[in-house]
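Enquirer: The structure follows.
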Amino acid sequence: MMNLKDLAGKIGIGGLLRKAGVHKIIEATGQVPVIPGLLLLAFVICAIFAKWIAPHDPLFNQLKHALLPPFWMEGGTSAYLLGTDHLGRDILSRLIGGATISLEVAFIVVALAGIIGIAAALLSGYLGGWVDALLMRICDIFMSMPYLIVAIVLVAVLGPSRTNIIITLVVLGWAGYARILRGEVLRIKQGDFIQLAVLAGCSKTRIMLRHIFPNIVNPFIIMATLQLGNVIIAEASLSFLGLGVPPPYPAWGSMAAEGRNYIFESWWLCVWPGLAIMLVVLSCNLLGDWLRVHLDPKFRQL
C-alpha cells in the first residue's frame, strides 16, 4: 500500500493538500479510525449491558462514602475506581448508566428523524410541484429555528422526561435530513435508469422505494453518524439544565451539573461525565468524516 510520504512525493504535497484536503489524505492512506470506532463500540456495549457491567447500583446512596476520590489518589479505594459523588454513589456505575440514556436517546432520535426526513425527501424531490414547495417551506421554518433554544422551551413546556426529549429532538431534527437528501433525490431522478423505469410502467411508489431510496442510503448513513454527536450534546445540555431525565437516574449532563458545586475540591464529579461526552461526540464526528470520504463519490475523485 502506498504510504503518505510516497504519495506526497508523487504528486507534490502542496498539490495533494490543494486537490484533496484532509479527507483525501485519509482516503489515500487507507487509514481506518480504529480508536474512535473502538471507543464508540465500548460505549455502545456499556449502554447495552449496563446492568451486568456496572460494579454498583448507580442509584444506591452511601453517605459515609461520599466524595471519595479516584482509586489512585490519596483516600481512594479500588471499590470505587473513579470515585463517588456527594451522595456516595459510584461514579463509574453512573457513567455506565448514563451511557444507556444518552445513546438510547441519540439512536432513537436519529432513526425517527431520519425516517421522517427520508420520506419527505423522496416525496419532495420526486413528485416536485406543490408538494416540493410545501415540504421545503416547512423545512425552512424548522431549520430557521435556533435548535437548542427551541428544544429548551419545548421540553420545559412538555416536562422533563426521556420521551419528551426524544419527541422534541425528532421534531426539530427531521428537516435537516429532508433538505439535504432532497438534493440527492433530484440528482438521482435525472438518471437514465429512472427514465427507463418510468417507460417500463413502474409506479411512482415503486420508483421511489426500489430505485431512488437505495441510492440515498449512503448519504443518510453519513448524516446519521454525524448527527449522533449533535443529539448527544443536545440531550446532555438539556440534562445539565435540569430538563432531561429526572433524578436520581444518571445522565451525563445532570452528573456534570451536580458536580459543578464541588469543582474545586472534588473535580472528578464533573470531569468524568464531561470527558465521556467529549469522547463519544469526537468519535462520532471522526467516524462520520471517515464514512464521508469512503461513501461519498465526490470525495473519491482525486
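The values are calculated or read from the model by the stated rules, or taken from the named source; none is laboratory data. Computed from a predicted model, the values in this text were never measured in an experiment. Every residue, glycine as well, gets a Cβ built from its backbone with ideal geometry; the counts of neighbours run over all protein chains shown.
Enquirer: Sort out which residues of the range 46-73 are closer than 18 Å to Trp272 by Cβ and β-branched (Val, Ile, Thr), and write them in order of number.
Expert: Passing the criteria: only Ile53.
Enquirer: Going residue by residue through the range 141-163, is there one that turns out to be on the phi > 0 side of the Ramachandran plot, modelled with pLDDT under 95 and either in contact with a Gly (Cβ under 6 Å, 6 or more places away or on another chain) or assigned by TED's automatic domain parsing to the domain that holds Ile216 (or both)?
Expert: Scanning the range 141-163 turns up at least one residue that is on the phi > 0 side of the Ramachandran plot, modelled with pLDDT under 95 and either in contact with a Gly (Cβ under 6 Å, 6 or more places away or on another chain) or assigned by TED's automatic domain parsing to the domain that holds Ile216 (or both).
Enquirer: Which residue pairs have Cβ atoms under 7 Å apart, sit 6 or more places apart or on different chains, and have a first residue in the range 96-120 that is assigned by TED's automatic domain parsing to the domain that holds Ala224 and touching a residue at least 24 places away in the same chain (Cβ under 8 Å) and a second that is among the β-branched types (Val, Ile, Thr) and surrounded by fewer than 21 Cβ atoms within 10 Å (Cβ to Cβ)?
Expert: Ile96/Ile53; Leu103/Val44; Val105/Ile166; Ile108/Ile166; Val109/Ile166; Val109/Val170; Leu112/Val170; Ala113/Val170
Enquirer: Can you name the residue in the range 30-44 that is at pLDDT below 90 and loosely packed, with under 14 Cβ neighbours inside 10 Å and, of all such residues, is nearest to Leu279 (Cα to Cα)?
Expert: The extreme case among them is Ile35.
Enquirer: Checking Val44 against (1) outside any loop (DSSP other than H, G, I, E, B); (2) farther than 20 Å from Leu282 by Cβ, which single condition isn't satisfied?
Expert: So Val44 meets the others, but not (2).
Enquirer: Please determine whether any residue of the range 169-176 is free of Cβ contacts under 8 Å to residues at least 40 places away in the same chain, surrounded by fewer than 21 Cβ atoms within 10 Å (Cβ to Cβ) and touching a helix residue (DSSP H, G or I) at 6+ places or on another chain (Cβ under 9 Å).
Expert: Within the range 169-176 (the criterion being free of Cβ contacts under 8 Å to residues at least 40 places away in the same chain, surrounded by fewer than 21 Cβ atoms within 10 Å (Cβ to Cβ) and touching a helix residue (DSSP H, G or I) at 6+ places or on another chain (Cβ under 9 Å)), the answer is yes, since at least one residue qualifies.
Enquirer: If you scan the range 68-85, which residues turn out to be modelled with pLDDT of 90 or more and on the phi > 0 side of the Ramachandran plot?
Expert: Passing the criteria: only Gly83.
Enquirer: Would you mind stating whether Gly88 is modelled with pLDDT under 90, more than 22 Å from the chain's Cα centre (by Cα) and in the same structural domain as Phe43 (by TED's automatic domain parsing)?
Expert: Considered against the rule, which asks whether it is modelled with pLDDT under 90, more than 22 Å from the chain's Cα centre (by Cα) and in the same structural domain as Phe43 (by TED's automatic domain parsing), Gly88 comes out as no.
Enquirer: Quick check: anything in the range 264-271 assigned by TED's automatic domain parsing to the domain that holds Leu172, among the β-branched types (Val, Ile, Thr) and buried (at least 20 other Cβ atoms within 10 Å of the Cβ)?
Expert: No.
A quick yes/no check of all residues on (1) more than 25 Å from Cys270 (Cβ to Cβ); (2) modelled with pLDDT of 50 or more; (3) over 26 Å from the mean Cα position of the chain (by Cα):
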{"residue": "Ala8", "(1), (2), (3)": "yes, no, yes"}
{"residue": "Lys19", "(1), (2), (3)": "yes, no, yes"}
{"residue": "Cys46", "(1), (2), (3)": "no, yes, no"}
{"residue": "Ala50", "(1), (2), (3)": "no, yes, no"}
{"residue": "Ile53", "(1), (2), (3)": "no, yes, no"}
{"residue": "Leu59", "(1), (2), (3)": "no, yes, yes"}
{"residue": "Leu63", "(1), (2), (3)": "no, yes, yes"}
